């Protein structure tokens, strides 16, 4: 196991460098229950993807501390494709643009509950948070 870890030591660093250099980066997180250890814990699985490059991470929390610790978003400057989770907004001011997306089952249901009808779909925002025209 130690030998495999040693062989992969530089891989994650190189992968994160390539992701930070990508013009478009997709980032998401999702909760996952972990059973069979000391208790039934809730962890969060994180993904960052640019083209064929995909990075996965896991953390016990969901917030700025975890996003910063992964070392991808704090220095990313391209277009970030993300959902409307509030922790991502911290990075928006340094980005070229933000592409908002949402899962149809969550976003549409949320908009229906608030009387807004159908979810408006993705929006491309510039670095100031204003919607771009296509």
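Computed from the coordinates by the stated procedures, all read-outs in this text should not be read as laboratory data. Nothing here was measured: the structure is a model prediction, and the numbers come from that model. Note that each Cβ is placed from the backbone with ideal geometry, even for glycine, and that neighbours are counted across all protein chains shown.
Here is how the numbers come out for the structure above:
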{"item": "In nm, spacing of pseudo-spin labels at residue 5 and residue 84 (7 Å Cα→C-beta vector)", "result": "4.2 nm"}
{"item": "Ranked packing of 1-12, 19-30, 45-56, most packed first, by mean Cβ within 10 Å", "result": "19-30, 45-56, 1-12"}
{"item": "Separation between Cα centres of region 1-64 and region 71-101, rounded to whole Å", "result": "17 Å"}
{"item": "Sorted by Cβ density within 10 Å, fewest first, the residues 67, 43", "result": "43, 67"}
